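Let me begin by presenting the structure, written as structure tokens, before commenting on it.
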Amino acid sequence: MMSCYLDEAGGKEDQFTVVCGWLSTAALWEQFEIDWRLMLASYGLEYFHMMECSQSTKIFKKWRDSEGIRRRFIHDATEIIRSRVQYGFLVYTHHQIFRNMNSRFRLAEQLHSPYAIAGRGCVAQVDKWRRVKGVQDDIEFVFEDGGPDKSGLVMAMDLARKLPVPIFKPGSDMRDKEGHVRKGAVQLQSADFLAYELRKHRREFANRTGRPVRRSFHEVLKIPIVAMASFNAENAQEVCQLEEPLLPR
């Protein structure tokens with residue numbers, strides 16, 4: 001059994017959405033959870049969220065004047081990800097291209113949103129890899145429960161009957177009003193790490209800042225990225241793995 005944990009970044013402000021994830025075996029993911037929870041505990045943290053860590057907000061506020069600690073933490077987190085995941089996958093959807101195609105085809109009616117397209121495209125790329133490699137085991141796809149268009153992703157996935165039903169879980173333990181704890185899938189925090197780095201890199205590339213690739217991003221890119229796709233008019237059929245053609249307006 002293999003599992004792929006996926007998260008997203010970007011949105012209206014960036015005018016692109018990326019969905020990305022890590023694929024690994026159940027045994028390696030189990031060891032990842034042990035290592036990750038122990039690492040968080042050693043730093044006195046309940047969870048990891050890359051944006052909060054990078055901006056020293058919420059539980060990471062205590063590191064505002066402690067750049068050395070933050071660097072050590074990011075190094076330790078990167079090492080765990082590199083040692084426990086096997087492959088990476090990512091799909092970009094550019095919002096202007098989505099709007100352009102939606103003016104010609106019934107794209108929103110069929111695939112709903114840039115997030116739904118990117119999420120479905122990521123699953124399709126993993127499924128394509130599985131078939132090429134002759135992997136017989138099922139692969140489960142776990143998405144961060146707080147994604148921007150959960151229902152749209154389910155609808156888009158449902159159109160492709162060959163693709164599995166997505167699973168949604170929170171990325172960290174959550175407590176409801178009655179005090180009951182819903183256990184989070186900390187594996188999703190590794191996908192959050194990648195999603196943040198991809199968004200950051202894409203924004204700096206678009207703005208032509210000339211800054212070198214962040215060390216943390218450079219280190220996770222040592223993990224094989226099997227599929228890196230961008231949704232456009234030429235590859236819409238392949239990225240979305242449509243069983244039916246896009247309907248014209």
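The values are calculated or read from the model by the stated rules, or taken from the named source; none is laboratory data. Note that the structure is a prediction, hence the values are computed from the model and not measured. In this analysis, Cβ positions are derived from the backbone assuming ideal geometry, glycine residues included, and neighbour counts consider all displayed protein chains. Just so you know, the surface numbers come from the protein's heavy atoms only, side chains and all, with ligands and any DNA or RNA stripped out. Shrake-Rupley method; radii C 1.70, N 1.55, O 1.52, S 1.80 Å.
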Using a 1.4 Å probe and counting only protein heavy atoms, arrange 181, 135 so the residue with the most accessible area comes first.
181, 135
Of the trypsin sites (Lys or Arg not before Pro) in the range 1-89, which ones lie in a loop per DSSP and count no more than 15 other C-beta atoms within 10 Å?
12, 64
For the range 3-50, average projected area of the Cα convex hull in nm²:
4.2 nm²
Among 180, 201, 112, residue whose mean-square fluctuation peaks in a GNM of the chain (springs only between Cα atoms under 10 Å)
180
Links that overshoot a 28 Å alpha carbon limit, given the list 162/200; 12/183; 169/200
162/200; 12/183
DSSP loop GluC sites (Glu not before Pro) with at most 13 other Cβ within 10 Å: longest gap in the chain
47-177
